[in-house]
Amino acid sequence: AQKLAILTSGGDAPGMNSAIRAIVLASLNKGYQCIGFYHGYNGLIEQQFTELDEHSVNNITQHGGTILKSARCPAMLNTAGISQAANTLRKLHISALIVIGGDGSFHGLDALSEHWQGTLIGLPGTIDNDLSGCDHTIGFSTAVNTATRAIDKIRDTANAFERVFITEVMGRHSGHIAFNTGIATGAESILSFENCDVNKQQHIVTQLLAAITEQRNKHASFVIVLAENLWPGGASSLQAQLNQHTDFNCAVCILGHIQRGGAPSSEDRMLATTLGVAAVEYIDELLLAASSSPAPIMIGQINGQLTQTLISDVLKCNKPVASKWVQQYQHYLSAK
Ligand code: F6P
């Protein structure tokens with residue numbers, strides 16, 4: 001039987017297990033053997049793998065994390081590591097490799113394609129939702145739900161104390177999580193890459209102070225959703241800048257890795273399952289046609305339709321936050 005391989009790489013995302021399950025079950029149904037490499041590309045380089053069968057994927061779809069473990073892999077940044085990874089694929093007679101991860105993981109796929117002739121497929125798996133070629137990445141929906149619930153809770157205590165809260169959300173260098181959670185929770189302020197020029201820090205602080213003062217006159221709380229990596233010095237620095245000018249006691253809550261864990265939402269499970277099956281069908285068609293492997297692609301979904309995008313195109317630019325959200329927020333939904 002032909003062999004397919006899977007690995008999960010980079011920041012884990014809820015729904016990765018659902019994708020693994022779908023790939024394994026679909027592969028077995030098509031008569032393929034399936035193996036999983038552990039710890040992202042490290043397992044490929046160090047030949048740490050396991051055979052995956054229906055028992056391996058039993059009862060995993062509802063769990064966050066990834067049964068194959070994940071890691072970042074600096075060795076994939078140099079030729080020695082990449083060719084070692086390619087050697088493993090040759091040695092194990094693998095026909096196709098599916099990598100579930102984000103843009104760092106896709107750089108690895110791109111590099112691998114120069115050293116190995118088999119079929120390479122990426123599935124978008126990151127809570128950040130910053131990959132072009134898809135509406136949503138696997139894990140984004142769960143992360144937004146988790147952060148939304150957390151900020152709702154912060155709102156309760158913020159209301160009780162008429163307090164200002166800075167809640168920092170993940171997203172690396174993009175504001176998908178910030179805008180989605182900020183709008184979903186009715187945050188008074190969203191500070192993210194798409195709407196903030198941090199070279200104008202003082203101006204932003206002045207505007208915030210004015211909006212906060214107005215809100216406090218109404219005896220209400222004020223929640224700021226801050227994108228990680230945006231503010232120089234981070235959330236605590238913004239906190240100090242706000243506290244410096246007033247008597248109020250602004251609190252900080254960094255949601256952090258909580259956003260990466262937990263049971264995947266049904267949206268993430270469905271998306272991951274759809275993309276996993278689509279990946280196996282794509283491989284099956286190529287293998288049946290016995291055609292040479294095309295350049296690596298990412299399989300995603302846009303408006304409910306499956307899409308195939310060259311990995312090299314996915315890597316050209318990150319998907320921006322829809323401008324309608326940024327504009328609607330700026331014009332109607334923010335505290336003035
Ligand atoms: O890419 C997913 C992500 O959770 C980002 O949102 C965040 O910036 C980063 O990974 C954190 O990485 P680590 O877990 O290595 O600290």
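For (1) buried (at least 16 other Cβ atoms within 10 Å of the Cβ); (2) in contact with a Gly (Cβ under 9 Å, 6 or more places away or on another chain); (3) in a strand (DSSP E or B); (4) not hydroxyl-bearing (S, T, Y), each residue gets a yes or a no:
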{"residue": "A178", "(1), (2), (3), (4)": "yes, yes, no, yes"}
{"residue": "Q202", "(1), (2), (3), (4)": "no, no, no, yes"}
{"residue": "T206", "(1), (2), (3), (4)": "no, no, no, no"}
{"residue": "A211", "(1), (2), (3), (4)": "yes, no, no, yes"}
{"residue": "W231", "(1), (2), (3), (4)": "yes, no, no, yes"}
{"residue": "S236", "(1), (2), (3), (4)": "no, no, no, no"}
{"residue": "Q239", "(1), (2), (3), (4)": "yes, no, no, yes"}
{"residue": "D247", "(1), (2), (3), (4)": "no, no, no, yes"}
{"residue": "I258", "(1), (2), (3), (4)": "no, no, no, yes"}
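Residue selection: L255 satisfies the criterion of being at pLDDT 95 or above, in contact with a helix residue (DSSP H, G or I) (Cβ under 6 Å, 6 or more places away or on another chain) and aliphatic (A, V, I, L, M). So which pairs qualify, if the first residue must be in segment 42-58 and farther than 19 Å from A19 by Cα, the second must be loosely packed, with under 14 Cβ neighbours inside 10 Å, the Cβ gap must be under 8 Å, and the two must be at least 6 apart or on different chains? So the pair list comes out as Q47/K91.
As for segment 74-93, it holds no residue that is within 16 Å of the ligand (Cβ to nearest atom) and in contact (Cβ under 8 Å) with a residue 40 or more places away in the chain.
Selection within segment 70-121: residues that are within 22 Å of the chain's Cα centre (by Cα) and assigned to a strand (DSSP E or B). The member of this set that is surrounded by the fewest Cβ atoms within 10 Å (Cβ to Cβ) is L120.
May I ask you to list the residues in segment 2-42 that are more than 24 Å from R172 (Cβ to Cβ), part of a helix (DSSP H, G or I) and either of a type in the set (D, E) or out of contact with any Cys (no Cβ under 6 Å at 6 or more places or on another chain) (or both)? Matches in segment 2-42: R21, A22, I23, L25, A26, L28, N29.
Scan segment 214-228 for residues that are among the basic types (K, R) and either modelled with pLDDT of 95 or more or outside any helix (DSSP H, G or I) (or both) and the total you get is 1. Can you find, within segment 23-32, the residue that is nearest to the chain's Cα centre (by Cα) among those that are over 15 Å from L286 (Cα atoms) and buried (at least 24 other Cβ atoms within 10 Å of the Cβ)? Top of the filtered list is I23. Return yes or no: is G262 under 24 Å from A22 (Cα atoms), in contact with a helix residue (DSSP H, G or I) (Cβ under 7 Å, 6 or more places away or on another chain), outside any strand (DSSP E or B) and within 16 Å of the ligand (Cβ to nearest atom)? Judged against the criteria, G262 is a match.
The values are calculated or read from the model by the stated rules, or taken from the named source; none is laboratory data. The structure presented is a predicted model; accordingly, all values stated were derived computationally and were not measured. A quick note on method: Cβ atoms are made from the backbone with ideal geometry, for glycine too, and the neighbour counts reach across all protein chains shown.
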